[in-house]
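Just below is one structure, and these are the notes that go with it.
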Amino acid sequence: MLSGLSPDDDETAVTPARFFVGSRMGLEAMWLRDALLHRLDASEQFVVSPELHEHARVLAEWLDNCAGRALPLRSLLLVAEAMLAELAPRDLETIWTAVRGCDRSLSARDREWLEVLEAIGRRDGRETAAASRAVLAAEPRLDPASRRFLVTAGMLGSLPQCNVTDARDLWLREGRSWLSVSDGIVSPGCRNYRVGWGLPDGGIRTGHPCGRRP
């Protein structure tokens, strides 16, 4: 998203590498995708985290029989967070489409969160910024983890448009309570991409075209 490049719509491909954590994360994301789409048995744990596996199992079960049942939103968000940075947009879209297939079981809140996930999955900065801010405005009593996710997404959505002021304002309004400005942030859609805010001229310590080197 930050690079400003068009997303690659091809399916995700990961080369297994025993000692490379990035390979494991990619393979886990692919397993989560296939578990949710019922391409494999979600009861057999593949991911390292037992908690993440349980959330994937719960969500896969809901997708298999969602009629009259509320979306397990927390499970969706935690599983999505593990997939967003690893899967190609086309792969992510198949998951959102499956969730949308249960539209009658979705609340207005569910749909707002789904719009955030869809925008991040498409690497659409403008829509990510707008959708994240909409949920923040609608839910003033968000838990810290959800607020952190939305603030990060909102800021990273603004930066590709060179809206540094909007990103900074969002941080000052919503994000200062949980992270020092000089520490940077990690994008849910671009994991491990750190953005520095410590420059006196408001520049960004990245290679992004909007940034100015110190």
Looking at the square roots a ≥ b ≥ c of the eigenvalues of the Cα gyration tensor of the range 1-120, which shape do they give, rounded for a/c under 1.5, prolate if a/b is larger than b/c, or oblate? oblate
Calculated from backbone phi, Karplus (6.51, -1.76, 1.60) coupling profile of the range 107-120 in Hz, x at Gly/Pro: 8, 4, 5, 4, 5, 5, 5, 5, 4, 5, 4, 5, 5, 4
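Each value in this text was obtained by applying a stated rule to the coordinates, not by laboratory testing. For clarity, every value in this text was computed on a predicted model and none was experimentally measured.
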